[in-house]
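Visitor: Attaching a single structure in structure tokens format; questions to follow.
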């Protein structure tokens, strides 16, 4: 089947700074991101014909009105997409389908989350506001089991995890919109207070607020807008769902995420990619925990199974490596306002491909990949963007 | 723009009985509805390539796994759509876009809600699990204000409201899957215990559990499946969002719902309909309260503004009238398991158009309309289906 390859263009992108926004609410944040995306595309907000908004937490907002109301875009379609941590990237996917179907010319995909003033409900655990069937378990505890298992089977060490944290903090220190803009040392990462053994505080991404927005259109329309000479097109967009709670299944081996493996395979097929490690120029991946980024390298085919620790030790995912991963600083530096993250990644990849990733630009990228994993481990989105 | 007119087909439909399903959970219900839809389409469940599931309440389920898990359809895309009471119909809309874009051949749109065993959280109020900015107010209280205002301005009476309840109960009494299968009298309706003056118990739809499912494909594929000789195509699908809380705005006049008016205008334009009262054969509309159905007649252009009471008094929406409305019995007889209702309506309209609406068949329908209003009043979906 044709997928959306080369049929959908990114006309403009925007994002707030990701941080603890005590002085702004979710509506302020969404407006800020969308205003930036409209300016970037060179369109007026009133030209938006339909909206898809990714929101995970009910306390951030419900229904399409979560976007239509703050934006004062009434009388047009607006849909809320909720798909765990991939909510924002799945909002983008559905926006792409509507444009590829020819139903709309210019639409908005966006995502937002306001977590910091929600008390413990905002903490990354799955007990409240989450799946009704899951027993209480925090995300750190679940990913700590993956880390422990990889230490046992692959020989991963605390140092391997720390390398991810050090790399991503160094990248985020240069990004104007990151939550944490400071470098850390290996000693900082390894010696940080324990959260869930073996994952310390610097192995975990933070709780942050933020919003991001993407203006989606067809290539022939993008040619008439601001980025007519450097607009970006979708090469693939895939999403795969496994069970809601793979980590609770007796058969789960904790050595990788089938959702990522399947979504990557689908995306590579759609984009015509046979050797991702060579053909993908750079990637923004879901580093909710340092162990997750190591497993993402493997699941996305950047290296062999069990080779994640060696992949980073050899410098491949460094900003000047042959496959920079999370040049933005990733979730480690941005935090993870759930609904916003996927659209932030699309925005980040777009700016990189256009050579305007201020402070963190990678060299001459051709194809950029964005990856979200949610659930935890239940659902994965992979989007591949390229120069037109 | 082209919309989806004649580009998307309904290959099969299914629905559970809508009732208090104490002995089944949301996963049982969804499986039952999807199994029926697959049998109806003549496909195996494994032929489904992607899923959109409408779920409103977080306690029913989260993310695409709300459908993928019970159906054991792993490794394919599954997306949760939440758009207040239009969640199910918006799931269908997004499924249609993906098919119209040519990305998938056969997909599933479905919706489910399990409310009866959730205590007061399932009651139709907007205090818990709903929009964070709304003050506590029940749906009956809000729609009672519309009823009061229409009594004052249009001269509507309790008898006018009762006519809707009597008609829909009489229809539902003949429908094998309705929650309430009994006729009521005008005296029953008018004398029922008061819920929120002037709306009594029989002016309100009930809290029910249920699931519904629609197999969506392209016409050329439908021609090879079970309903090759009588498959149904989408003529239009429109959704319009106004503010999340129109009923709280000082400017809201309580005499109709702009979301319905706008969505209907968009749908009629897409379907090429200029005179809905003559061209629409029958409609399944959102009668969450009797007053809502009267206002729907007006907002959908079936009669003039303020003419809703006269429209039913003259018998137009009766099963043997010239524009039967809610021949199934509507939300009055089925209750309103939020995520399920939109897909149930699509299923209902499909069966009517195919001449197999057991017990409640209308005469020779050409075009059927389905209508959801949610929010309350914030968002409206209108779908028009026709014979291929």
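The values are calculated or read from the model by the stated rules, or taken from the named source; none is laboratory data. Here the structure is a predicted model, which is why all the values come from computation and not from measurement. Backbone-built Cβ (ideal geometry, glycine too); neighbour counts: all protein chains shown.
Visitor: Condition first: surrounded by fewer than 24 Cβ atoms within 10 Å (Cβ to Cβ) and farther than 18 Å from residue B:93 by Cα. Now tell me which residues in the stretch A:87-117 satisfy that.
Guide: Within the stretch A:87-117, A:116, A:117 qualify.
Visitor: Quick one: in the stretch B:47-59, of everything that is more than 18 Å from residue B:100 (Cα to Cα), part of a loop (DSSP other than H, G, I, E, B) and more than 8 Å from chain A (Cβ to nearest Cβ), which residue is modelled with the lowest pLDDT?
Guide: By that ranking, first place goes to B:57.
Visitor: For the stretch A:129-150, check the following and say yes or no: at least one residue is at pLDDT 95 or above, part of a loop (DSSP other than H, G, I, E, B) and at positive phi.
Guide: No: the stretch A:129-150 contains no residue that is at pLDDT 95 or above, part of a loop (DSSP other than H, G, I, E, B) and at positive phi.
Visitor: OK, next. Only one of these is at positive phi and out of contact with any helix residue (DSSP H, G or I) (no Cβ under 9 Å at 6 or more places or on another chain): A:42, A:102, A:75. Name it.
Guide: Sole residue among the options that is at positive phi and out of contact with any helix residue (DSSP H, G or I) (no Cβ under 9 Å at 6 or more places or on another chain): A:42.
Visitor: If you don't mind, there's one more thing I want to ask. Name the residue that is surrounded by the fewest Cβ atoms within 10 Å (Cβ to Cβ), counting only residues in the stretch A:37-68 that are within 18 Å of residue B:81 (Cβ to Cβ) and free of Cβ contacts under 8 Å to residues at least 40 places away in the same chain.
Guide: Checking each candidate, the answer is A:68.
Visitor: For the stretch A:149-165, name all the residues that are surrounded by fewer than 19 Cβ atoms within 10 Å (Cβ to Cβ) and in contact (Cβ under 8 Å) with a residue 60 or more places away in the chain.
Guide: The answer is A:149, A:153, A:155, A:157.
Visitor: Examine the stretch B:278-299 for a residue that is out of contact with any helix residue (DSSP H, G or I) (no Cβ under 9 Å at 6 or more places or on another chain), surrounded by fewer than 18 Cβ atoms within 10 Å (Cβ to Cβ) and assigned to a helix (DSSP H, G or I), and state whether such a residue exists.
Guide: Yes; the residues of the stretch B:278-299 include at least one that is out of contact with any helix residue (DSSP H, G or I) (no Cβ under 9 Å at 6 or more places or on another chain), surrounded by fewer than 18 Cβ atoms within 10 Å (Cβ to Cβ) and assigned to a helix (DSSP H, G or I).
Visitor: Somewhere in the stretch B:234-251, is a residue modelled with pLDDT under 95, away from chain A (no Cβ under 14 Å) and either over 26 Å from residue B:383 (Cα atoms) or not in a strand (DSSP E or B) (or both)?
Guide: Among the residues of the stretch B:234-251, at least one is modelled with pLDDT under 95, away from chain A (no Cβ under 14 Å) and either over 26 Å from residue B:383 (Cα atoms) or not in a strand (DSSP E or B) (or both), which makes the answer yes.
Visitor: Identify, by number, the condition in (1) within 14 Å of chain A (Cβ to nearest Cβ); (2) surrounded by 17 or more Cβ atoms within 10 Å (Cβ to Cβ); (3) in a loop (DSSP other than H, G, I, E, B) that residue B:256 doesn't meet.
Guide: (1)
Visitor: Please find, among B:95, B:67, the residue that is more than 8 Å from chain A (Cβ to nearest Cβ), closer than 25 Å to residue A:76 by Cβ and part of a helix (DSSP H, G or I).
Guide: It is B:95.
Visitor: If you don't mind, there's one more thing I want to ask. Filter the stretch A:218-233 down to the residues that are free of Cβ contacts under 8 Å to residues at least 24 places away in the same chain and assigned to a loop (DSSP other than H, G, I, E, B) and list them by number.
Guide: A:223, A:224, A:228, A:229
Visitor: Does the stretch B:7-32 hold any residues that are more than 13 Å from chain A (Cβ to nearest Cβ) and within 30 Å of residue B:266 (Cα to Cα), and which are they?
Guide: Hits for the stretch B:7-32 are B:9, B:10, B:11, B:12, B:13, B:14, B:15.
Visitor: Of the residues B:367, B:353, which single one is over 17 Å from residue B:177 (Cβ atoms), away from chain A (no Cβ under 14 Å) and buried (at least 24 other Cβ atoms within 10 Å of the Cβ)?
Guide: B:353
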